[in-house]
Amino acid sequence: MCVLFDSIVRLSCLPLAVVLLFGCASMDTEVQDDDDSNSDSDSDSDSDSDSDSDTDTDTDTDIDTDTDTDGDLCGNNTIDSPEVCDGTDLDGQECANFGFADGGVLECGDECDEFLLDDCVDGCGNNIQEGSEACDGADLVGVNCAYFGYSGGTLGCETDCSDFDVAGCSDGCGNNTIEFGEICDGTDLDGEDCTTMGFTGGTLACALFCDGFDVSGCTGGCGNGVAESGEDCDGTDLGAGDCTTEGFYTGTLACDGSCNFVTTGCSEYCGDGTMNGPEACDGTDFGTTTCSNYGYTSGFLVCNSGCGSIDSSNCYGSCSLNVSESFTSWPAGWTVIDGGDTTGDTWAIGTGYCASGNCMYVDSDYASSTTRLNEYLITPQYTVGGCTAGTVGFAHYFQWCSSTDYGEFQVSTDSVGWTTLESWQVDISLTTESYNISSYLTGASWIQFRWHYDDDDTWAWYWYVDSFTLSGS
């Protein structure tokens, strides 16, 4: 259009932007090239018709040369001077050339005058040792100053992760002077002592590698591993304590950070409602024991404090205590203990100072003057049943000799402990004795009696026992 109306276009283009003028000039040139017209003729024509022919000729020539010869070369994927890169042509460069150890994607800038590093990946600095890195920040792969022959200090990592930094390591641990990286050194404790560590006394020391304090020599403080006054325990030192000392029967005792016992690992104790360990009962758990074990038919049991014994006072039933023995023959279940120097001189059945007929007797006068008599006559165990009150009695004749021989009558409800109801060191003519045993029947399942004669190794006299009775209600 600019060719056909060259004069008009040129006149109209003069006040417009240079861009239009460039466009017209390009079109003019292209058309003439198509028609194989001589550029000089065109220039002459332009010169003849345009008073500004010099300017127009210069402009056309410069623009034609730039466009046709050089063009817009950035983006053709080939580096042309002065480009540093062009599209995929990176001149052999990659992210690693710019210090990115983990690689990534290197790109060329839009103007071909710079590399773009946005997609390059550099692992150094993320505190994780990766790839070819020797270390990375705090990740020293388990290595410390000792690995490099130092005695202490703080190992670091070079900023480019290429190697370890030993500047903070020291050979000075042990020279009694605190140096870089040391908490203390030998006798140089930086003004600290056991009291500043929370103890009341003792001797503070420096740890072997100068990286902390050794409080094992401190006293009077929780945490030194030694149970001391005021502490239940300290660390693994439990003193004499275990679960049993804390009221439990089994388990593992521990110590907390305040040096107090921790019993959460202990188990089974009086009060947990389950009969275990050495308990006779616990709460309402009596095992298989019932009132019938105490000779009662009804009622309920109560577990005494400490879980060691059972109270059967709330049991009840029929009372069957009704015993009468005249010793016409040796009574069933009766036994003796021949405790003298010789045998055959203990309690026997016969006649003599009896209430009537036969009776039981022991005779020191009959034995040798050099033989000691220490003899027991023992009844069977009588079931208490539902009896809550009762009496026991017998007739006897006691011939006393000196100040050392004696006789005594005793009662028991457990065969272990015997209680003396009465003893004699005086002549007793044939007399009937009677004793209230109600207090012994309470809570007992059975009751038993015995007579004990001791001549204390003197040539004493004798003791006759007859008409034994036991009754309850």
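I'd like the accessible area for Leu204: 1.4 Å probe, protein heavy atoms, all chains in place, Å² to the nearest 10.
20
Take the alpha-carbon centre of segment 130-200, take the same for segment 312-355, and report the distance between them in whole Å.
Their Cα centres are 90 Å away from one another.
I'd like the distance separating the alpha-carbon centroids of segment 214-261 and segment 365-399, in whole Å.
Here the two parts' Cα centres lie 56 Å apart.
Report the accessible area of Trp418, computed with a 1.4 Å probe over the heavy atoms of all protein chains in place, in Å² rounded to the nearest 10.
Approximately 60 Å² of Trp418 is accessible to the 1.4 Å probe.
Considering Cα pairs under 8 angstrom that are at least six residues apart, work out the relative contact order of segment 238-360 and quote it in whole percent.
12
The values are calculated or read from the model by the stated rules, or taken from the named source; none is laboratory data. No experiment lies behind these values; they were computed from the predicted model shown. Protein only, heavy atoms only, side chains kept; ligands, DNA and RNA dropped before computing areas. Shrake-Rupley method; radii C 1.70, N 1.55, O 1.52, S 1.80 Å.
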